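Just so you know, all these numbers are worked out from the coordinates, no wet-lab data involved. Everything numeric in this text was worked out from a predicted model, so none of it was measured. Please note: Cβ atoms are built from the backbone with ideal geometry, for glycine as well, and neighbour counts cover all protein chains shown.
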Amino acid sequence: MSDLTDKLKEYEDFELAFLFKYQKSNFLDATYKKIEDEINSRNLNSKDINFLINRKLKVRINNHKLNVCPRCTSEKIISSREESDLQENVGLYKYTPIYFEHRTCGVCGWDFAKNLTRFDKRKILKIFLVSIFISIVFTLLFRLLLKLQELIW
Ligand SMILES: [Zn+2]
């Protein structure tokens, strides 16, 4: 028994399903084999795997809390401190590196910094549409004012 095999026992069925489907390219063959073995030992077939994944993908996590993956709902979040590309200039040769906490899902690989939830996408679309609407309204108002000015003068 290796450490990984023991660790996989702690995974819930859906977590194994996501590991299996979403992380294949990130694992060495030997590691992937262990995931497969664990899945087989639980008698999960590919239909079960798809069912488990689809059920979780339907869950809507609107305000994603940082300790729950918005895609697979797992709480196995990996957090690491990374140096940002942006650097704060302090002096000529000195700078303070800016760190940020980089979070990824340890199960499906969701990147909290890069991936957008459906909720995020909708929010972005809403902001976009509202800003277009506002600019149209202002253009019309401006034209109306010009017309009024012509009429008055
Ligand atoms: Zn996940």
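Of all the options Leu140, Leu16, Leu116, the one that moves most in a Gaussian network model of the chain with Cα springs shorter than 10 angstrom is Leu140.
Let me know the shape class of the chain, please: from the alpha-carbon gyration tensor, a ≥ b ≥ c as square roots of the eigenvalues, rounded when a/c is under 1.5, otherwise prolate if a/b is greater than b/c, or oblate. The shape class here is oblate.
Spatially, region 1-61 and region 93-145 are offset by 32 Å when compared through their Cα centroids.
Note: relative contact order over the chain, using C-alpha pairs below 8 Å and six or more positions apart, is 18 percent. Computed from phi, the 3J(HN,Hα) profile of region 25-31 under the Karplus parametrisation 6.51, -1.76, 1.60 (θ = phi - 60°) reads 5, 8, 10, 6, 3, 5, 5 Hz, with x in place of Gly and Pro. In order along region 10-22, the phi-based Karplus estimate (6.51 cos²θ - 1.76 cosθ + 1.60, θ = phi - 60°) of 3J(HN,Hα) comes to 7, 6, 6, 3, 5, 5, 4, 4, 5, 4, 5, 8, 9 Hz; Gly and Pro are listed as x. Which pairs break 25 Å Cα to Cα here: Lys58/Lys126; Lys21/Lys126; Lys7/Lys56; Lys33/Lys121? Listed pairs above 25 Å: Lys21/Lys126; Lys33/Lys121. Please give the net charge around Asp48, taking every other residue with its beta carbon less than 10 angstrom from that of Asp48, where Lys and Arg add +1 and Asp and Glu add -1. Cβ neighbours under 10 Å give a net charge of +1.
Given a Förster distance of 30 angstrom, what is the FRET efficiency for Glu10 paired with Ile124, based on the Cβ-Cβ distance and rounded to 0.05? Walk me through the numbers on the way to the answer.
On the way: r = 36 Å, r/R0 = 1.21.
Efficiency at R0 = 30 Å is approximately 0.25.
Highest GNM mean-square fluctuation among Val107, Val137, Val68, for the chain modelled with Cα contacts below 10 Å: Val137. Ordering Trp110, Trp153 by the number of other Cβ atoms within 10 Å of each residue's own Cβ, fewest first, gives Trp153, Trp110.
Largest GNM mean-square fluctuation across Arg71, Arg118, Arg143, computed for the chain with C-alpha springs under 10 Å, falls on Arg143.
Across region 35-43, computed HN-Hα scalar couplings (Karplus, 6.51 cos²θ - 1.76 cosθ + 1.60, θ = phi - 60°) run 5, 4, 4, 5, 4, 5, 5, 9, 6 Hz from first to last residue, x flagging Gly and Pro.
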